[in-house]
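Q: Dropping a structure here in structure tokens format, bear with me for questions.
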Amino acid sequence: MGRAFEFRKHRKFKRWGAMSKTFTRLGKDITMAVKEGGDDPKNNSRLRALIQNCKAANMPKENIERAIKKATDKNSENFKELLFEGYGPGGVALLIQTATDNNNRTVGNIRSYFNKVGGNLATSGSVEFLFEHYCLFSIHSSGVELEELELSLIDFGVEEINTEDDSIIIYGPFDQYGRIQEFLENHNYDIISSGFERIPNSLVEIEDSEKDSTFKLLEKLENDEDIQQVYHNMKD
């Protein structure tokens with residue numbers, strides 16, 4: 001098992017507190033995918049992948065269809081993806097992935113969250129290099145020859161494939177997402193979900209006195225509707 005899998009397995013990831021927040025974030029992703037590539041999943045690989053993710057999150061079919069239809073409205077919001085970088089208490093590095101229709105609001109909110117706990121926003125590139133960017137696929141394991149799959153994916157730079165319950169987790173280079181998705185679909189592998197992950201190169205252990213402030217910062221960030229994902233390198 002590789003480092004990415006071990007990190008995923010042992011790290012205590014904080015899940016979104018409410019299903020409605022998950023649906024809101026998926027809805028934004030759908031809006032951006034439709035505006036970029038159209039509303040037909042057959043011709044829009046990003047939308048096709050998002051529909052799989054929606055199903056994996058138990059998002060009702062009517063919600064998915066409503067989100068796609070809403071995205072085709074010329075008056076619907078235009079979300080822009082932005083990545084923010086910063087340091088929290090104890091030097092914890094944070095990468096914050098956002099999708100916003102109001103950059104000033106998003107920047108102001110994020111800056112205030114950091115200021116309240118004594119952290120600070122950093123300049124672009126000052127934190128990102130501390131994380132490796134992966135694409136991630138989860139497929140059903142039934143009927144899959146793991147060794148054969150591993151050999152097939154070597155050409156895509158995939159170095160880590162592991163089983164988890166009744167699924168197989170595939171980690172590949174960030175820039176190979178489209179090629180891996182195409183391969184899995186063309187060879188009729190049953191994709192459960194897919195996406196991206198940023199794995200820290202090393203973890204930072206902070207003092208107990210700084211943990212409460214760090215958790216408060218993470219909670220504020222994760223509850224902000226402009227924020228899609230939060231990554232950090234704090235050792236749990």
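The values are calculated or read from the model by the stated rules, or taken from the named source; none is laboratory data. Computed from a predicted model, the values in this text were never measured in an experiment. Don't worry about glycine lacking a Cβ; one is built from the backbone with ideal geometry, like all the others, and counts go over all protein chains shown. SASA here: full protein model, heavy atoms, side chains in, ligands and nucleic acids out. Shrake-Rupley method; radii C 1.70, N 1.55, O 1.52, S 1.80 Å.
Q: For the stretch 178-203, enumerate the residues that are open to solvent by less than 40 Å² (accessible area, probe 1.4 Å) and either under 21 Å from Thr98 (Cα atoms) or in a strand (DSSP E or B) (or both).
A: Result: Ile191, Ser193, Ser194, Gly195, Glu197, Arg198, Ile199, Pro200.
Q: Do the conditions hold for Thr98, that is, is it of a type in the set (S, T, N, Q), open to solvent by less than 10 Å² (accessible area, probe 1.4 Å), outside any helix (DSSP H, G or I) and touching a residue at least 40 places away in the same chain (Cβ under 8 Å)?
A: On the way: of a type in the set (S, T, N, Q): yes; open to solvent by less than 10 Å² (accessible area, probe 1.4 Å): yes; outside any helix (DSSP H, G or I): yes; touching a residue at least 40 places away in the same chain (Cβ under 8 Å): yes.
Taking the combined requirement at face value, the residue satisfies it.
Q: Taking only the stretch 56-72 into account, find how many residues are within 20 Å of Ile191 (Cα to Cα), in a helix (DSSP H, G or I) and touching a residue at least 24 places away in the same chain (Cβ under 8 Å).
A: The total comes to 2.
Q: Which residue pairs have Cβ atoms closer than 6 Å, lie 6 or more positions apart in sequence or on different chains, and pair a first residue in the stretch 168-182 that is closer than 12 Å to Gly195 by Cβ with a second residue that is open to solvent by less than 10 Å² (accessible area, probe 1.4 Å) and modelled with pLDDT under 95?
A: Correct list of pairs: Tyr171/Ala4.
Q: Can we say Leu203 is without any contact (Cβ under 8 Å) to a residue 60 or more places away in the chain and under 20 Å from the mean Cα position of the chain (by Cα)?
A: On the way: without any contact (Cβ under 8 Å) to a residue 60 or more places away in the chain: yes; under 20 Å from the mean Cα position of the chain (by Cα): yes.
So Leu203 fits the description; yes.
Q: Any idea how many residues of the stretch 133-151 are open to solvent by less than 80 Å² (accessible area, probe 1.4 Å) and part of a helix (DSSP H, G or I)?
A: We begin by selecting, within the stretch 133-151, every residue open to solvent by less than 80 Å² (accessible area, probe 1.4 Å); these are 133-141, 144, 146, 149-150.
Remaining after also requiring part of a helix (DSSP H, G or I): 146, 149-150.
Total satisfying the criteria: 3.
Q: Here's a follow-up. Does Ser76 satisfy the condition of being among the small types (Gly, Ala, Ser), part of a loop (DSSP other than H, G, I, E, B) and at pLDDT below 95? Even if it seems obvious, please write down each step before you answer.
A: Details: among the small types (Gly, Ala, Ser): yes; part of a loop (DSSP other than H, G, I, E, B): yes; at pLDDT below 95: yes.
Yes: the conditions hold for Ser76.
Q: Open to solvent by 30 Å² or more (accessible area, probe 1.4 Å) and more than 21 Å from Cys135 (Cα to Cα): which single residue out of Glu62, Glu81, Glu36 fits that description? Show your work before the answer.
A: Details: Glu81 fails: more than 21 Å from Cys135 (Cα to Cα); Glu36 fails: more than 21 Å from Cys135 (Cα to Cα).
Only one candidate qualifies: Glu62.
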